[in-house]
Amino acid sequence: MSTTSRAIADWMRLRDLTTVFGGPGADGAFPGDVRRVRGLQEAVVVAMADGYASVTGRPALVDLGCAAHGAGAVLGAAANHTPLIVTTGPGRTGEGREPAGPAVKWSCAPAPRDVPAALEWAYHVALTPPRGPVFLSLPAGLAAADADPAPAVRPLAAAAAPDPIALAVLAERLDRARSPVLVVGADVDASGGWAAAVELAERCALPVWEAAQSGRVSFPQSHPHYRGALLPDAGPAARQLAAHDLVLAAGVPPPEGVAAVLLTSDPSCAAFGDVIVGDVRQALTALTELTKLRQEPLPGTWPAPSPAPRGSRPMSLVTALAALAEGAPPETIWVSESPPSRPVFHDQIRIDRPGSFLCAAGGGAGHGLPAAIGAQLGEPSRPVVAVVGDGSLQHAVAALWSAAAYRVPLTVVVLTDGTQAMLRWLSRLDGAGPGADLCAIAKGYGVAAGHVESAEALTAALRVATASDLPMLVEVPVNGP
């Protein structure tokens, strides 16, 4: 007979889940020789785990003192289809409460001896498509409670094969179509389907559009078949696809009002009509093998990056992002949270490697900085650059403490237009608040910080920061969004 704590520690080793993201008030429910990454606020902790799980592809363990305080970030993880195992326990603030219902795929309050088996089940549920967070309310007294040994680690074959007959019919439709088009969503990147999407696009002469506001980039943006991102509103997006007689949507539902064939791993998307459920990478690979080679020129192309004017102070946003593109190593993982700048971001910074771009699919504020910290912890061999707005930084500024405390070699680029719109609005409302000194705030948390005003200085600063083994923040004034 083993104690529950010992069985949990054995299970964590068997599953190679030895990093735990802990919030304030979390009492260390996960025992043993683990790496603990703490944060000063629960939403920050969840977002760090989100970034970590996104780059590793494995569930991240999150131990919260108060699940309610991290509920918004858990909703964001659900929108990103990020596998998280979130726990809290009795005696903590918010006892017995789980994150908002739609945020988690499954929740449980196991008895002490059942906790190890519940964790193994949670692992499977979190990874089964559609991936997402799960929640356990842990009981007290785990260290003293008797339990069976760690549960057997069962193999997980979560990538279900799509129906071969349906794929054969779809392949015939692609061959007959006059002007087919491919729309890719985040699940292409998450399923490892980059190469498969490229091969299908080249074989069938498909122009490729990215889904609007996707949490990942799923097709090389310098590829001649790439056409950019669909507009976020359904009407304009439908017009972008109107010339095509067959729309193939891979890993994302089509825009409202667009008739399409959807390839998805999420059975709940069956309501969208013509759907083939199964692993997206396998579906794209099979279609490449089943279709005929189409040899015809593609109309149109995605424009080259816009010219970046030099010399103005403050820099234009185009100039700043062009300078970042020039200074970043090619293997950089980019994490973006500056919504007004995203179209310009992708105009200047072309993502051409899988697993190289993350953002909050649900649009929640404060995701970018902590997610970048988690991504850097999960993928230490690649530099991570977070590009955030000054308002986004303020939503999760406490994450800087975690970056400094754990010496995470992250680069944070803060774009500010000098107006600090949120503070200005508050000032008009009740006369409160001076502007914030972002570099001073970063230094107060223990993060090296600097202010640059020219493209040359920004490129140089980025090269220094991405080569450093410590976190660095670079504040960049820009002229407008």
Scan the range 76-83 and give yes if some residue there is modelled with pLDDT under 80 and either open to solvent by less than 10 Å² (accessible area, probe 1.4 Å) or not small (G, A, S) (or both), otherwise no. no
(1) free of Cβ contacts under 8 Å to residues at least 12 places away in the same chain; (2) touching a His at 6+ places or on another chain (Cβ under 9 Å) all hold for A304 apart from (2)
For G311, the lone unmet condition from (1) more than 28 Å from A237 (Cα to Cα); (2) open to solvent by less than 80 Å² (accessible area, probe 1.4 Å); (3) in contact with an Asp or Glu (Cβ under 9 Å, 6 or more places away or on another chain) is (3)
Using the structure shown, decide if D279 is over 28 Å from the mean Cα position of the chain (by Cα) and either under 22 Å from R203 (Cβ atoms) or at pLDDT below 90 (or both). no
Condition check for P129: without any contact (Cβ under 8 Å) to a residue 12 or more places away in the chain, outside any helix (DSSP H, G or I) and open to solvent by 30 Å² or more (accessible area, probe 1.4 Å): no
Within the range 400-411, is there a residue that is out of contact with any His (no Cβ under 8 Å at 6 or more places or on another chain), more than 19 Å from T19 (Cα to Cα) and open to solvent by 10 Å² or more (accessible area, probe 1.4 Å)? no
Using beta carbons and a limit of 9 Å, which pairs, at least six apart or on different chains, have the first residue in the range 350-374 and of a type in the set (S, T, Y) and the second one open to solvent by less than 10 Å² (accessible area, probe 1.4 Å) and part of a loop (DSSP other than H, G, I, E, B)? S356/V217; S356/T332
Neighbours by Cβ (under 8 Å, 6+ apart or cross-chain): first from the range 12-23, within 10 Å of V62 (Cβ to Cβ); second open to solvent by less than 10 Å² (accessible area, probe 1.4 Å) and of a type in the set (F, W, Y): V20/F30
Condition check: modelled with pLDDT under 95 and either open to solvent by less than 50 Å² (accessible area, probe 1.4 Å) or in contact with a Phe, Trp or Tyr (Cβ under 8 Å, 6 or more places away or on another chain) (or both). Does L167 satisfy that? no
Look through G378, G363 and report the one residue that is on the phi > 0 side of the Ramachandran plot and not charged (D, E, K, R). G363
Of (1) surrounded by fewer than 18 Cβ atoms within 10 Å (Cβ to Cβ); (2) at pLDDT below 90; (3) more than 28 Å from G364 (Cα to Cα), T3 satisfies all except one. Which? (1)
Log entry, pairs with first residue in the range 320-346 being farther than 17 Å from V464 by Cα and modelled with pLDDT under 95, second being among the hydroxyl-bearing types (S, T, Y) and open to solvent by less than 40 Å² (accessible area, probe 1.4 Å), beta carbons closer than 8 Å, six or more apart or on different chains, reads E337/S392; S338/S392; R342/S336; F345/S336; F345/S338
Name the single residue that is surrounded by the most Cβ atoms within 10 Å (Cβ to Cβ) among those in the range 195-215 being farther than 19 Å from V261 by Cβ and modelled with pLDDT under 95. G215
Just to check your reading of the model, which residue among G51, G39, G23, G57 is of a type in the set (G, A, S), open to solvent by less than 10 Å² (accessible area, probe 1.4 Å) and within 18 Å of the chain's Cα centre (by Cα)? G51
Search the range 9-20 for residues being over 20 Å from the mean Cα position of the chain (by Cα) and of a type outside the set (S, T, N, Q), and hand back the single one that is most open to solvent (accessible area, probe 1.4 Å). R13
Close pairs from the range 40-56: first farther than 10 Å from T82 by Cα, partner open to solvent by less than 10 Å² (accessible area, probe 1.4 Å) and among the acidic types (D, E), Cβ under 9 Å, at least 6 apart: V45/D63
Give the residue that is nearest to T288 (Cα to Cα), with candidates limited to residues of the range 146-164 that are among the aliphatic types (A, V, I, L, M) and modelled with pLDDT under 75. A159
What residue, of L119, L200, L182, is closer than 30 Å to A237 by Cα, out of contact with any Cys (no Cβ under 7 Å at 6 or more places or on another chain) and assigned to a helix (DSSP H, G or I)? L200
Is there a residue in the range 63-74 that is in contact with a Pro (Cβ under 8 Å, 6 or more places away or on another chain), open to solvent by 50 Å² or more (accessible area, probe 1.4 Å) and at pLDDT 90 or above? no
Residues that are farther than 24 Å from E379 by Cα, in contact with an Asp or Glu (Cβ under 8 Å, 6 or more places away or on another chain) and hydroxyl-bearing (S, T, Y), drawn from the range 1-37: S2, T3, T4
With the structure loaded, tell me whether L174 is within 15 Å of A250 (Cβ to Cβ) and either touching a residue at least 24 places away in the same chain (Cβ under 8 Å) or not in a loop (DSSP other than H, G, I, E, B) (or both) or whether it fails that test. yes
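Kindly check whether there is at least one residue in the range 467-479 that is open to solvent by 20 Å² or more (accessible area, probe 1.4 Å) and at pLDDT below 90.
yes
The values are calculated or read from the model by the stated rules, or taken from the named source; none is laboratory data. Computed from a predicted structure; not experimentally measured. Cβ: placed from backbone, ideal geometry, glycine included. Neighbour counts: every protein chain shown. Note: areas computed on protein heavy atoms with side chains; ligands, DNA, RNA excluded. Shrake-Rupley method; radii C 1.70, N 1.55, O 1.52, S 1.80 Å.
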